[in-house]
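The values are calculated or read from the model by the stated rules, or taken from the named source; none is laboratory data. What you see is a predicted model; the values in this text were computed from it and never measured. Cβ placement follows ideal geometry from the backbone for every residue including glycine, while neighbour counts extend to all protein chains displayed. Note: accessible area is taken over every heavy atom of the protein model, side chains too, but ligands, DNA and RNA are not part of it. Shrake-Rupley method; radii C 1.70, N 1.55, O 1.52, S 1.80 Å.
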Amino acid sequence: MRVDAVVVGGGPAGLRAATEVARRGGDVVVLDENPVFGGKLLGQLHESHAGGWWRGWEVAARLEAEARSAGAVLRGDAGVWALEPGWRARVADLLNRGDQPAAYEAGAVVVATGACEKPVAVPGWTLPGVMTVGAAQVLTNVHRVRPGRRALVVGIDPLALTVARQLALAGVEVVGVVLPPPLGLNADAGSVRATLARLGSLASLAPTPWLRMAAAALESGLARELAARVGPPGGVRVWGVPVHHRTALLEVQGDGRVERVVLAPVGADGEPVTSRRREVQVDAVCLSGGLMPLAELPAVLGCGFARDERLGGDVPLHGPDMESTVPGLFVAGDVTGVEGAEVAMAKGRLAGLAVCRRLGREVRDAEIEAARRKLDRARQEAKIEFYPGARQAAGAMGQRWREVAWVDP
Amino acid sequence: MSDGPELIVCRCEEVVVREVLDAVRAGCRTLQEVKMATRAGMGPCQGRVCRTLLERLVTLEAAPPEGAAGLTKRLPVHPVPLGQLVEEE
Amino acid sequence: MRITDHPLLPALSRREVRFSFEGRELVALEGESIAAALLAAGERVLRHHERTGAPRGLYCGIGHCLECRVWVDDVGTVRACTTRVEDGMSVRRSGFGGRP
């Protein structure tokens, strides 16, 4: 089927991009593997800086309505398994119904596939009942099913803390938030000091003395040492959930399902003191290893990538108007760097305008400029950086795109 | 149980740390080589989950793997239901 | 395991749908994923590893890891985390090659 543009991914960036194209008369289809649209927004529930709560599903509903009323076609249960330059998107009908096009030809494509979670390896992590914090968030807030009665959250970062709180709100007994095993395999997720560096940006949202120390720790080595060494035995309460930044998970155990976890305190050297291990009964373990862009389609197409841990890892290089190093392939949202929903929306808007221009529709320079400024503003106003330094990293991306830095030629 | 060397790295194929390290010690330096030697990354998820872990292991044991912009560099990027992987028209 | 009283999430009014899992009749709520419906019914084991037989359940929740793959009669292999339960669905654990 012939359209003007294909958008892969129906989250905030994809929906915004499609709206922009549709508003200017472009024929655009949004394809998402899920049966409903909104991506990660659907499960998001957290306190916002303006006071009050960010309810992601409401934002998703608004974005979806805007896209539809602009004339974009939204198709769910559809997995784009291939993209061919020129362009052609091959679509898997995930429910095998056989009543939808198997391919779309388009003049431009926007890849807005978002981010996925990095794994946390721990003995017993394949037991039923061990899942990512993202999975826990969806089960709890979207499907209204508790992942368990009693849960341990593993990994201390903004997403883990947000989900721990969501679990508690949903009536799950959260026994605590602890560090993953400090194995090289888990990078610095198990490091007390790196954990504190990660949490600085949360200090303004959850102003506990400990998190304020974490913010100070970003600046001062001494503050970091202090924060790493202090902590009441019952854990530091952040949003009512005990955070044990000096306790690590050693193992998940159970007969065919999660039944208990083995925890141990972490010494000043960062190593677990196994002689002081203890068992805690839980029936769910929620792991958080951080987010990384889900950029398989750009990778297969040979797009240039750059590695920047401040953005989550390997990021498809993109120019100031969100075009990748492959002409006609645009990228938007967390796939271009984990920066959150509002930045994703601004990126989607910019990509949508750029797509219109590519399709030969009239787009004034002033409009592109305005969209770029909106993106800058969204970035400045974002209160939580998932990774410290994301803003600077994102700003540097345009320069690297110009240099076409190939990681894997 | 599954501690240390017996810790599962590739969930799909149940490849453990020991097997990956053995492969690196035997000379594997890219994720593709590790995949060929151990099956890690060959399962249904095609390395989506384990790629990060494999990279870290190879880096820790030897050096950052070359050409690591993704294990999954071929189509389809995810499994397609039976009967749909055909040429259109 | 179902959340019926949440301080912030709006109540959803969803009609019941009937489906079966491994031949056992279960009730789900319209619009929920197969994985959620099974979890609500106390079923955490979605699969057994094809080589070792180790029980596996939901892991990533976003259709990425494929741990949650199950067989739906007349449809085929689907991801339990991203596929909605429908009235009359017959779901089974998938074996080697995907079929039960």
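Distance in nm between label sites at residue A:281 and residue A:361, each 7 Å beyond Cα in the beta-carbon direction?
For residue A:281 paired with residue A:361, the spin-label model returns 6.0 nm.
Placing +1 at every Lys and Arg Cβ and -1 at every Asp and Glu Cβ, with all other atoms neutral, what dipole size does the range B:8-84 have around its Cα centre, in debye to the nearest 20?
Here the size comes out at about 180 debye.
Work out, step by step, the length gained on full extension between residue B:63 and residue B:22: first 0.36 nm times the residue separation, then minus their alpha carbon distance; give nm to one decimal.
Length gained between residue B:63 and residue B:22: 13.3 nm.
Could you please report the charge total around residue C:36, scoring K, R as +1 and D, E as -1 over all other residues with beta-carbon less than 13 angstrom from its beta-carbon?
+4
Work out the FRET efficiency for residue A:257 and residue C:90 from their Cβ-Cβ distance, taking R0 = 25 Å, and round it to the nearest 0.05.
Taking R0 as 25 Å, the efficiency between residue A:257 and residue C:90 is 0.55.
With every protein chain in place, what's the accessible area of residue A:46 (1.4 Å probe, Å², nearest 10)?
50 Å²
Using only DSSP helix segments of four residues or longer, with each worth -39500 (n - 2.57), what per-residue ellipticity at 222 nm results for chain A after dividing by its residue count and rounding to 500?
-9500 deg cm²/dmol
Roughly speaking, what is the centre-to-centre gap between the range A:333-353 and the range A:278-309 when only Cα atoms are used, to the nearest Å?
Each part's Cα centre sits 18 Å from the other's.
Below 8 Å, C-alpha to C-alpha, sequence gap of six or more: please give me the relative contact order for chain A in percent.
Over chain A, the number comes to 18 percent.
If R0 is 45 Å, what FRET efficiency do you get for residue A:271 and residue A:396 from their C-beta distance, rounded to 0.05?
With R0 = 45 Å, the Cβ-Cβ based efficiency is 0.80.
Kirkwood Rh, Cα Rg: Rg to Rh for the protein assembly as shown?
We get a ratio of 0.94 for the protein assembly as shown.
With Cβ to Cβ distances under 12 Å as the rule, what net charge do the other residues near residue A:31 carry (K, R +1; D, E -1)?
-2
Quick test of the membrane-span-like rule: which DSSP H helices of chain A reach at least 18 Å along their long axis (C-alpha atoms) with mean Kyte hydropathy at least -0.5?
A:56-70, A:341-358
By per-residue mean of other Cβ atoms within 10 Å, what is the highest-first order of A:115-121, A:72-78, A:92-98?
Top of the packing list down: A:115-121, A:72-78, A:92-98.
At R0 = 22 Å, how high is the FRET efficiency between residue C:51 and residue B:6 if r is their beta carbon distance? Nearest 0.05 is fine.
After rounding to 0.05, the efficiency reads 0.90.
Using +1 on the beta carbon of Lys and Arg, -1 on that of Asp and Glu, and nothing else charged, what's the dipole of the protein assembly as shown about the Cα centre, debye to 20?
1000 debye
Using a 1.4 angstrom probe on protein heavy atoms only, which residues from the range A:294-313 are buried by at least 30 Å² of accessible area when all chains are present rather than their own chain alone?
Buried-area filter returns A:296, A:299, A:300, A:307.
Run the simple label-point estimate for residue A:47 and residue C:4 please: 7 Å along Cα→C-beta, distance reported in nm.
Output for this residue pair reads 3.0 nm.
Report, please, the projected area of chain C averaged over directions, based on the convex hull of its C-alpha atoms, in nm².
Its Cα hull, projected and averaged over all orientations, spans 6.7 nm².
Taking all protein chains as present, what is the carbon and sulfur share of the accessible area of the range C:16-95, in % to the nearest whole number, probe 1.4 Å?
Result for the range C:16-95: 44 percent of the exposed heavy-atom area is carbon or sulfur.
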